[in-house]
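Data block below; observations after.
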Amino acid sequence: MTRMAMINLKADNSQQMGSLQLLELLRDGHFHSGQEIGSSLGISRSAVWKRIKKINAEFGVIVHSVSGRGYKLAQEMVALAPAEKFYGRSMSWDVALINTLDSTNAEALRRLENGITAPFAIVCEQQTAGRGRRGRAWASPFGENLYFSLVVKVNKGVKQLEGLSLVVGLAAVRALRNIGVQDIGLKWPNDVLASGRKIAGVLLELVGDLADVCHVVIGIGINANMLNSAESINQPWTSISIETGRLIDRNALLAELQVQLDEYLANHLALGFSTFCNEWRQNDLWCGRLVELSSGERQVTGVVRGVDSTGALLLQVNDELQVFSGGELSLRLRHDS
Ligand code: BTN
């Protein structure tokens, strides 16, 4: 628990450098004239215009252009920043910051294949192929949210992972509460909802010998400053800035998330899921609600009765209490619930 998190804010390649310099200038959300930008970056006004178009194409960032005033980002953007912005907190793992990735989980798996030793974490500003549960995409616009993956080594097979995804959800809830989000809780197994809408999701991916030594990639996506750029999301969603009415510093969020993860993972490893049962129940938003559980083609209707000591879902189907577990299951509220 002593190593300082080290991250580097730098261009992923030389072509990105120019775009990032421009973004850096515009991050404050104020107007900057073409002339001012041009002289800061040492380029002509027409090159500024081309670069504005490029950051839109490359990062999907919206820049307003107003004649006589110049250019301004549609929304102020607080950059993910180097280690000194971790508010003096120390982590058990190193964190690599990359601007653009297909997916932090995919990058984590590649790094494992390349022999990087766990634990390690990856965070990025934008995902071009962010993965959600059940094969869904995860909306990942540039500079707005948190896209984070942590890789942990598991020494005693998947039994050691029982209930882990629920515990990660609890850690995310605690972090979000500490950042100021209220009316927050969980929908089994690990959807984090604020005001009844999705604010964060967890995707665990396993590799290696599931009966012996393996690795788990813990992917967490938190909607931080996203206000409206997620038309591709097919479920009700919210973000920290929508909930709190202010832009948040994603560095503070990242630090808080990691502090909570560090503690929750250590307790889970030492004590197992059963020790979290009460906390889970306190955060279970859908307990007592009538739901439809989908598992592939199969659908079961019942009333949520919480979780058992392994983190499996308890569903009352007619008069029978049935137990469900597995990553491919999903719950939906019945309209008559
Ligand atoms: C869900 O569907 O609820 C899970 C979403 C998980 C998204 C995160 S973002 C960081 C990490 N990288 C990914 O590609 N997915 C996870």
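None of the figures in this text is laboratory data; all of them are computed from the coordinates on show. Remember, predicted model here, so these are calculated numbers, not experimental data. Positions of Cβ are backbone-derived with ideal geometry, glycine not excepted, and every protein chain shown enters the neighbour counts.
Mind checking segment 276-333 for GluC sites (Glu not before Pro) that DSSP puts in a loop (not H, G, I, E or B) and that have at most 16 other Cβ atoms within 10 Å? Taking segment 276-333 and a limit of 16 other Cβ atoms within 10 Å, the loop GluC sites (Glu not before Pro) found are Glu297, Glu328. Note on segment 195-337: with charges restricted to the Cβ of Lys and Arg (+1) and Asp and Glu (-1), its dipole about the Cα centre is near 500 debye. Net charge dipole, the chain: roughly 740 debye, given to the nearest 20, about the Cα centre with Cβ charges of +1 for Lys and Arg and -1 for Asp and Glu. Taking Cα atoms, how many degrees apart are the long axis of helix 14-26 and the longest axis of the chain, rounded to 10 and kept between 0 and 90? Once rounded, one gets 90 degrees. Under the shape rule built on the C-alpha gyration tensor, where the axes satisfy a ≥ b ≥ c, segment 78-201 is rounded, since a/c falls short of 1.5. Computed from Cα atoms, the angle from the helix 250-271 axis to the main principal axis of the chain rounds to 20 degrees. Counting only DSSP H runs of at least 4 residues, each contributing -39500 (n - 2.57), and dividing by the residue count of the chain, the helix-based mean residue ellipticity at 222 nm comes to -9000 deg cm²/dmol.
Which trypsin sites (Lys or Arg not before Pro) does segment 297-337 hold that lie in a coil by DSSP with at most 15 other beta carbons within 10 Å? Those satisfying the criteria are Arg334. Of all the options Gln282, Gln235, Gln126, the one that moves most in a Gaussian network model of the chain with Cα springs shorter than 10 angstrom is Gln235. The length gained by stretching the chain between Gln35 and Gln282 to full extension, at 0.36 nm per residue less their Cα-Cα distance, is 83.3 nm. Here the 3J(HN,Hα) profile of segment 320-331, calculated from phi with Karplus coefficients 6.51, -1.76 and 1.60 at θ = phi - 60°, is 10, 8, 9, 10, 10, 8, x, x, 8, 8, 9, 10 Hz, Gly and Pro shown as x. Each other residue within a Cβ distance under 14 Å of Gln160 adds +1 if Lys or Arg and -1 if Asp or Glu, for a net charge of 0. With both labels modelled 7 Å from their Cα along Cα-to-Cβ, the Ser274 to Asp212 distance reads 2.9 nm. Karplus-based coupling profile of segment 297-307, in residue order and whole Hz: 7, 7, 10, 10, 9, x, 9, 5, 10, x, 10, with θ = phi - 60° in 6.51 cos²θ - 1.76 cosθ + 1.60 and x standing for Gly or Pro. For the chain, the longest principal axis of the alpha carbon atoms and the long axis of helix 45-59 meet at an angle near 10°.
For segment 212-263, the list of GluC sites (Glu not before Pro) that fall in a loop by DSSP and count at most 11 other C-beta atoms within 10 angstrom reads Glu231.
Length gained on full extension, Asn267 to Ala47, computed as 0.36 nm times the residue gap minus the Cα-Cα distance: 73.8 nm.
Here segment 143-234 is treated with +1 on each Lys and Arg Cβ and -1 on each Asp and Glu Cβ, and its dipole about the Cα centre works out to around 260 debye.
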